[in-house]
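Only one structure is covered here, and it is reproduced in the block below.
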Amino acid sequence: MAIVQPLETAPGVRRRLELRSPSTLEPIGEIEVQNADDVRAALERARKAQPAWAALPVEERARTLERALKLVIERQDEIIATVIEETGKAQGEALSMEIFASCDVLSYYAKRAPKFLRPEKRRLHGMLRFLKKLQVVYRPLGVVGVITPWNGPFILSLNPSAQALVAGNAVLLKPSEITPRSGALAGEILRDAGLPDGVLQVLTGDGETGAALCEAGVDKICFTGSVSTGRKVATACAKQLIPCTLELGGNDPMIVCADADLESAAAGALAGAYMNTGQYCCGTERVYVVDEVADAFTDAVVARAAELRQGASGEFDVGAIFWDRQLEVIDRHMADAVERGATVRVGGRRNPELAGLYYEPTVLTEVDHDMLIMKEETFGPILPIMRVRDEEEALRLANDTRYGLSATVWSKDPYRANELAKRIEAGGVCINDMTMTYGCPEAPFGGLKDSGVGQVNGEHGLKSYCHAMPIITDRFGGRQARGFYPYNAKKDAGLRRVIRMVFDSPLRRFLG
Ligand code: NAD
């Protein structure tokens with residue numbers, strides 16, 4: 001049963017999609033697919049509204065985020081209910097991933113955006129500093145298109161939109177067709193917090209709407225989603241010569257060293273692999289454990305995994321797969337692994353007790369790098385464990401992938417863990433923890449290899465919604481320009497003397 005199904009519509013009329021709950025498979029609503037004309041009209045409204053918004057002091061724009069924070073707290077039950085209806089995730093995950101994380105980012109940028117975006121006086125180097133002054137001002141780009149996926153449907157819509165807005169941009173937000181109401185709610189809350197009309201508009205639809213947004217003439221695209229769509233977005237942005245950030249998929253490794261605290265590592269493996277039913281971009285998708293602790297670690301994982309409660313209502317640990325398309329990927333990767341000799345230690349099948357899209361939390365052993373489960377992003381509650389000779393082999397296998405989003409290392413020796421972490425080809429690494437880089441705005445977040453382009457969040461991410469514009473002022477009111485022409489031998493000789501004095505003498509220490 002497809003979670004999103006096209007409805008029959010008359011020719012020339014906008015397409016409509018019917019949505020179903022992944023928990024019950026019952027219909028939960030319909031959306032209209034907004035087309036290129038709708039996107040162009042929204043862009044026109046955004047262009048009209050943006051200059052007045054950008055002209056407000058950043059402190060005032062930051063106060064909108066403060067008010068949005070209050071609204072998220074007040075309306076948390078409504079947000080949680082909407083997210084759960086569209087995704088079937090566990091209540092604790094809706095609370096931590098969507099509400100806590102949203103409060104944290106709103107509070108973070110509301111408090112710090114005025115400082116991060118303040119014009120900066122920068123001291124010039126060498127002789128220039130005696131002649132010129134430099135100021136860098138952060139100008140908003142204009143209108144930013146934000147395209148988001150379904151796995152963190154509220155936070156992943158709210159966070160980039162809030163950053164682009166506080167930087168003075170207008171935003172056109174296109175949430176996933178799987179979770180349109182969670183995305184729309186993020187937009188509604190930001191608007192209710194006091195955004196002027198047209199500054200933030202939510203577009204509903206699927207790939208047609210997303211593609212139209214990329215081609216509409218916006219000034220930047222912030223995309224979060226799959227590698228294959230990311231390539232299309234990058235191509236569209238390249239054609240228009242606009243910047244984009246691409247936060248894409250991953251196949252994140254976990255390395256368990258011989259000296260790891262095995263109980264913590266086992267608990268971390270479970271959280272990394274099963275949180276959000278494994279549909280977490282930085283989820284643990286592969287575990288490499290060194291031979292001497294492999295049995296003890298695997299036993300601890302198996303015992304804990306067998307105790308997890310899966311459900312559709314009440315208290316449970318592992319929820320639904322949010323989309324039947326993802327369930328098909330999980331089935332395919334699992335069938336391939338089993339056919340190639342993997343052993344299922346826990347789970348390994350769709351949950352027969354539950355009517356919706358449920359796959360049991362699964363532990364696999366005897367896996368290898370010929371299997372899809374180790375090579376590709378599975379995005380499901382599957383934890384494959386591979387026994388390796390030593391940490392060097394773990395490192396080689398961890399890097400044997402086209403992805404590079406994040407990774408984890410588990411060891412009691414901080415120095416060794418750090419040295420190992422630095423050699424992993426990933427956007428970020430967590431030591432003795434599941435990956436939580438997205439939750440630390442001070443940590444630049446973004447993938448290597450196929451996992452993305454650019455980094456988001458924090459001061460650097462916020463500034464990427466702006467053009468850092470240098471304003472250079474001559475200290476002598478432009479008098480230097482008077483001596484520019486004519487070129488002659490006397491001036492050339494003078495410049496040669498300066499080159500010698502500044503770059504080829506002990507003065508270089510001060511002037512170079
Ligand atoms: P997806 O690429 O199918 O869709 C993402 C968004 O792009 C949706 O809104 C979709 O409607 C839109 N879209 C589809 N075709 C488009 C086109 N041609 N042009 C523009 N937009 C288009 O991804 P998904 O299945 O929704 O999300 C799951 C993927 O997202 C996983 O691979 C996951 O790892 C990744 N993800 C990455 C991060 C990160 O920060 N790196 C975070 C969350 C999810």
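The values are calculated or read from the model by the stated rules, or taken from the named source; none is laboratory data. Model, not experiment: these values are computed from the prediction. Heads up, the Cβs are rebuilt from the backbone with ideal geometry, glycines too, and the neighbour counts pull from every protein chain shown. Remember, those area values only see protein heavy atoms, side chains included, never the ligands or the DNA or RNA. Shrake-Rupley method; radii C 1.70, N 1.55, O 1.52, S 1.80 Å.
Points worth noting:
- Value of Rg to Rh for the chain (Rh from inverse mean 1/r over Cα pairs, i.e. Kirkwood): 1.05
- FRET E, pair ASP291, LEU372, Förster distance 25 Å, beta-carbon r, rounded to 0.05: 0.50
- Distance between segment 55-90 and segment 397-444 - C-alpha centres, whole angstrom: 30
- Links that overshoot a 20 Å alpha carbon limit, given the list LYS174/LYS232; LYS111/LYS463; LYS115/LYS174: LYS115/LYS174
- P(r), alpha carbons of segment 252-444 - 5 Å bins starting at zero, rounded %: 1, 9, 18, 22, 21, 15, 9, 4, 1, 0
- 19 Å reach of a label modelled at ASP504, 7 Å along Cα-to-Cβ, counting backbone N of segment 105-130: 127
- In plain terms, the chain from LYS490 to THR235 could stretch by 86.6 nm, reckoned as 0.36 nm per residue minus the Cα-Cα distance.
- Isolated Cys residues of the chain, judged by Cβ distance under 4.7 Å to other cysteines: CYS103, CYS214, CYS222, CYS257, CYS281, CYS282, CYS430, CYS440, CYS466
- Simple label model, 7 Å out from Cα along Cβ direction - PHE130 to ARG309, nm: 7.6
- Evaluated at q = 0.15, 0.17, 0.22, 0.27 Å⁻¹: base-10 log I(q)/I(0), Debye formula over Cα of segment 422-487: -0.63, -0.71, -1.01, -1.19
- C-alpha long axis of helix 262-274 to longest principal axis of the chain, angle in °: 80
- Surface share of carbon and sulfur [accessible, 1.4 angstrom probe, percent] for the chain: 53
- Surface exposure of the chain, expressed per residue as accessible area with a 1.4 Å probe, stands at 45 Å².
- Shape of segment 400-512, Cα gyration tensor, a/c cut at 1.5: prolate
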